[in-house]
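Contents: one structure, followed by commentary.
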Ligand code: PEP
Ligand code: CO
């Protein structure tokens with residue numbers, strides 16, 4: 001069976017040893033949590049919940065530090081709070097984090113200054129520096145990646161349990177660098193209104209509101225590196241199912257969704273809720289077959305279709321796929337990824353995304369689903385709580401030249417804080 005997008009490790013024994021070592025470590029998530037997320041997604045499929053999925057295109061090992069993790073958590077908390085306020089329904093937060101370390105590549109080889117080296121495939125596989133040593137896939141990185149994923153999740157859990165997520169203290173989520181900005185100020189007004197409502201209810205009822213009770217943040221990553229995913233796949237006696245316990249929500253990327261490929265075969269066998277990225281090129285038959293293969297029993301909450309067509313293609317491609325799903329008995333959650341179909345290069349060759357294309361795809365997605373009696377129940381974004389300049393446009397009107405100010409992503413361009421908040425306000429119907 002063909003396993004696409006896998007690294008070629010030079011030493012099979014070392015790889016086997018790393019996978020064996022990994023399989024003996026404790027899991028990062030539990031089957032109970034995985035089941036709970038599947039139930040949330042089932043609620044979202046019925047229109048009762050909205051899903052906010054976001055984070056880096058690729059996490060890097062060097063960003064596994066306190067500030068970076070806290071910033072990611074803060075932006076997800078701020079956005080979800082605004083969205084809950086505007087949409088008036090629970091928003092379930094899913095981070096592209098704690099394991100988003102492997103990347104699919106369009107070419108196996110990178111050519112630079114006449115030298116050919118294996119492409120960089122993410123920190124869990126090889127290193128980004130362009131030297132022959134750095135580009136050799138190194139099995140020990142599988143373990144280093146797993147440890148960092150566990151450290152990330154551990155820190156997120158501790159922050160949540162320690163009260164960081166308590167809505168009585170939204171000031172904990174303020175981003176130090178932010179100061180006054182249009183989005184920051186609008187966010188603060190919403191928070192003030194929420195805080196006043198909480199005070200009102202608490203003072204009239206005489207009882208505290210336990211708003212922080214187990215605020216949940218789920219982990220998600222592309223289930224790309226099959227050795228990594230399989231090593232932590234366990235049979236759970238309680239439910240008589242296999243679970244991928246590296247993450248709550250793995251997704252199948254655009255490049256690995258072949259019906260007869262190893263990724264689909266692997267995903268068929270696990271009980272996790274799973275995403276399938278669908279983009280231009282996805283056909284009715286292919287989608288139908290994927291649903292039959294991955295969810296033959298039509299289990300609610302199991303399948304999320306994350307569509308990423310691009311602002312100029314969504315109108316032509318999405319409706320027929322919605323129709324296909326409506327004609328099947330298969331329950332799915334539709335989520336829009338307005339990032340990956342809108343990647344382009346500037347005239348000087350910098351990878352970027354234009355804010356207007358992102359919002360335009362998102363608006364079209366909401367409109368198309370609504371017109372067809374379908375529900376768009378979530379959004380999947382590449383974003384950061386940091387003050388980067390990777391996507392152009394937004395409230396500050398960043399232009400191509402501004403990208404040089406703070407472009408940090410080694411892979412795809414992310415929304416910065418203000419751009420992400422602008423999207424959250426737009427989805428919530430709170431745009432200026
Ligand atoms: C991604 O989500 O980073 C990605 C590579 O997406 P896609 O598979 O949709 O291109
Ligand atoms: Co990406």
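Values in this text are rule-based calculations from the coordinates and carry no lab data. Quick caveat, the model's predicted, so the values are computed rather than measured. Positions of Cβ are backbone-derived with ideal geometry, glycine not excepted, and every protein chain shown enters the neighbour counts.
In the stretch 101-258, what is the volume of the convex hull around the alpha carbon atoms, normalised per residue and reported in Å³?
Working: hull volume 32.7 nm³, N = 158.
For the stretch 101-258, the hull spanned by Cα atoms encloses 207 Å³ per residue.
Between residue 105 and residue 130, what is the spin-label point distance in nm, taking each point 7 Å from the Cα along the Cα→C-beta axis?
Those two pseudo-labels are separated by 1.3 nm.
What is the diffusion coefficient of the chain in µm²/s, taking the Kirkwood radius over Cα pairs and the Stokes-Einstein relation at 10 °C with a viscosity of 1.306 mPa s? Can you show the working numbers first?
On the way: Rh = 22.3 Å.
Stokes-Einstein gives a translational diffusion coefficient of 71 µm²/s.
Along the Cα-to-C-beta direction of residue 216, a point sits 7 Å from the Cα; which residues of the stretch 241-266 have their amide N less than 18 Å from that point?
Correct set: 243-251.
Evaluate E = 1/(1 + (r/R0)^6) for residue 168 and residue 33, where r is the Cβ-Cβ distance and R0 equals 30 Å; express this FRET efficiency to the nearest 0.05.
Working: r = 25 Å, r/R0 = 0.83.
Rounded to the nearest 0.05, the efficiency is 0.75.
Placing one identical point scatterer on every Cα of the stretch 66-128 and ignoring solvent, what is log10 I(q)/I(0) from the Debye formula at q = 0.16, 0.29 Å⁻¹?
For the stretch 66-128 at q = 0.16, 0.29 Å⁻¹, log10 I(q)/I(0) is -0.71, -1.17.
Using all Cα-Cα distances in the stretch 159-250, what percent lands in each 10 angstrom bin from 0 up to the longest?
13, 26, 24, 19, 16, 1
Please tell me the relative contact order of the stretch 174-311 in percent, rounded to the nearest whole number, where contacts are Cα pairs under 8 Å and at least six residues apart.
On the way: 143 pairs, mean separation 23.0, N = 138.
It comes to 17 percent, rounded to a whole number.
What nm value, rounded to one decimal, do you get for the distance between residue 2 and residue 144 when each label is placed 7 Å out toward the C-beta?
Result for the modelled spin labels: 3.2 nm.
Taking the number of other C-beta atoms within 10 Å as the exposure measure, put 259, 175, 321, 20 in order starting with the fewest.
On the way: 259 13, 175 16, 321 20, 20 10.
The fewest-first ordering by Cβ neighbours comes to 20, 259, 175, 321.
Give me the one-decimal Kirkwood hydrodynamic radius in Å for the stretch 353-394, with the sum taken over alpha-carbon pairs.
Numbers: mean 1/r = 0.0844 Å⁻¹.
Taking the inverse mean of 1/r over all distinct Cα pairs, the stretch 353-394 comes out at 11.8 Å.
When only C-alpha pairs under 8 Å and at least 6 residues apart count, what is the relative contact order of the stretch 355-432, in percent?
Values: 82 pairs, mean separation 23.7, N = 78.
Computed over the stretch 355-432, the figure is 30 percent.
Starting from one equal scatterer on each C-alpha and no solvent at all, send me the Debye-based log10 I(q)/I(0) for the stretch 213-326 at q = 0.19 Å⁻¹, two decimals.
So the normalised log intensities work out to -1.03.
Projected area of the stretch 286-422, taken from the Cα convex hull and averaged over every viewing direction, in nm²? Kindly include the intermediate steps, with their values, before the conclusion.
On the way: hull surface 36.4 nm².
Computing the convex hull of the Cα atoms and averaging its projections yields 9.1 nm².
From Cα pairs below 8 angstrom and at least 6 apart in sequence, can you work out the relative contact order of the chain, rounded to a whole percent? Display every interim value, and only then the final one.
Numbers: 795 pairs, mean separation 89.0, N = 432.
Computed over the chain, the figure is 21 percent.
For the stretch 13-74, take N as its residue count and report Rg(C-alpha) divided by 2.2 N^0.38 Å. Before the final figure, lay out each step's value.
Values: Rg = 16.8 Å, N = 62, 2.2 N^0.38 = 10.6 Å.
My calculation over the Cα atoms of the stretch 13-74 gives 1.59.
In whole Å, largest first, what are the principal axis extents of the Cα atoms in the stretch 21-134?
56, 36, 29
Would you calculate the volume per residue, in Å³, of the smallest convex hull containing every Cα atom of the stretch 115-167?
On the way: hull volume 4.3 nm³, N = 53.
Each residue corresponds to 81 Å³ of Cα convex hull volume.
Suppose each label sits 7 Å from its Cα in the direction of the beta carbon; what would the residue 405-residue 312 distance come out to in nanometres?
2.8
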